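A short worksheet on the structure shown next.
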Amino acid sequence: MNIQQAKEIKLTDYLSALGHQPKRCSKSTSYYLSPLHAETKPSFKVNFSRNQWYDFALGKGGNIIALAQLLYNTDDVGTALQHIAADMNNPKPTMAKPSILTQVETGKMDKVHIQDLSYPVLMSYLRSRHVDADIGKRYCKEIWYTFKGKRYFGIAFPNSRDGYELRNPYYKGCLGEKDISLIHSQQVGVQDRCCIFEGFMDFLSYKTLEKRGDNVICIQEPCDYIVLNSISNLGRCMERLACYTAIHCYLDNDQAGTMAAHSILERYQNKAINEAIRYAEYKDVNDYLIGRKSINIAVEQQNVIVLNG
């Protein structure tokens, strides 16, 4: 495929091949949920006569090649053309917005297929959370499955019971039994430190910050990582924590996270460290990465006093 051939493809056809359908239309334009980031209100406009797009949320626009370059994070036109050709030859199912799936419902999934993470919609979701693409690909997979006759997809993060925590821009779920996730250090030998996170997005955020050399949030020593995948799983890792000499708690700055951290600090008084004070003005590590402050400082100071008192 060359540049002229790519420009002759209707943007509406390309978006359809990517699994996107318009949310509203007029004679000259259509509006979509952006393929470039997560959103609930359509801000992505396609002009039919110009065959051009514009994303109001990002303040960016252009032709089909510019869109493919953003979708696949490349400045190389040749690479973008290859992706466009592949997308048109291998259309994806329509992007749907299912309700939150419970563990019972996920047991009814069929035609489950797990592969390396690469789908543009999911990569754009990671970008919207400011997670490094290579970090996401290293620790996560991509899942496709059928549920009640419809085809869905999501990011899949493995847990310790051979299940997967699932997420896309619209829902959270679980395939198989819910459990914690244990990620061993890439350093040689048994580690005597661990970091605990509530959800895998906070873990991915931490690894992104670590890659950037952030010393405010990240510790410098090699360690293992435990992702609870739910505060309710805290009891499943309590005994495991006994093997570590330092337990770094990166839990949420909310009531549930504070209580969970307090439980760990009570049981392992000489080992546990409340690292939530490192991002005291933010709800969690991902909000710190994004730069989205949401915690009242006065309330957080009270929490710090309780946890360290």
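Relative to the longest principal axis of the Cα atoms of the chain, the long axis of helix 77-89 lies at roughly 80 degrees. Between the Cα long axis of helix 200-212 and the first principal axis of the chain there is an angle of about 90°, rounded to the nearest 10. Against the chain, whose longest principal axis is taken from its Cα atoms, helix 255-267 shows a tilt of about 40°. Residues whose amide H falls under 5 Å from that of D224, counting only those 5 or more places apart or on a different chain, are S185, R193, C194, C195, with hydrogens built in the peptide plane. Only one item in (1) 0.98; (2) 1.02; (3) 1.06 matches Rg/Rh (Cα atoms, Kirkwood Rh) derived from the coordinates shown, and that item is (2). Contact order for the chain, expressed relative to its length and based on alpha carbon pairs under 8 Å spaced 6+ residues apart, stands at 12 percent. The HN-Hα couplings worked out from phi for region 243-250 by the Karplus form 6.51 cos²θ - 1.76 cosθ + 1.60 (θ = phi - 60°) are 7, 9, 8, 9, 10, 9, 9, 10 Hz, whole numbers, x standing for Gly and Pro.
Could you please state how large a percent of the accessible area of the chain is carbon and sulfur, counting protein chains only and using a 1.4 Å probe?
Roughly 48 percent, rounded to a whole number.
Under a model in which nothing but the beta-carbon of Lys, Arg (+1) and Asp, Glu (-1) is charged, the chain shows a dipole of about 1280 debye around its Cα centre. Within a straight-line Cα-Cα reach of under 17 Å, K27 can be paired with the following aspartates and glutamates, leaving aside sequence neighbours fewer than 8 residues apart in one chain: D13. Loop-located GluC sites (Glu not before Pro) in region 217-278 (DSSP state other than H, G, I, E, B) with a sparse environment of at most 14 neighbouring Cβ atoms within 10 Å: E239. Here region 143-183 is scanned for amide nitrogen atoms under 17 Å from the site 7 Å beyond the Cα of H113 along Cα-to-Cβ, giving 143-156. Entry note, the chain: the mean residue ellipticity at 222 nm calculated from DSSP H runs of n ≥ 4, each adding -39500 (n - 2.57), is -9000 deg cm²/dmol after division by the residues and rounding to the nearest 500.
The values are calculated or read from the model by the stated rules, or taken from the named source; none is laboratory data. Bear in mind that the values here come from a model prediction, so they are computed numbers and not experimental data. When we count neighbours, we look across all protein chains shown, and the Cβ atoms used for this are built from the backbone with ideal geometry, even at glycine. Ligands, DNA and RNA are excluded from the accessible area calculation, which covers all protein heavy atoms including side chains. Shrake-Rupley method; radii C 1.70, N 1.55, O 1.52, S 1.80 Å.
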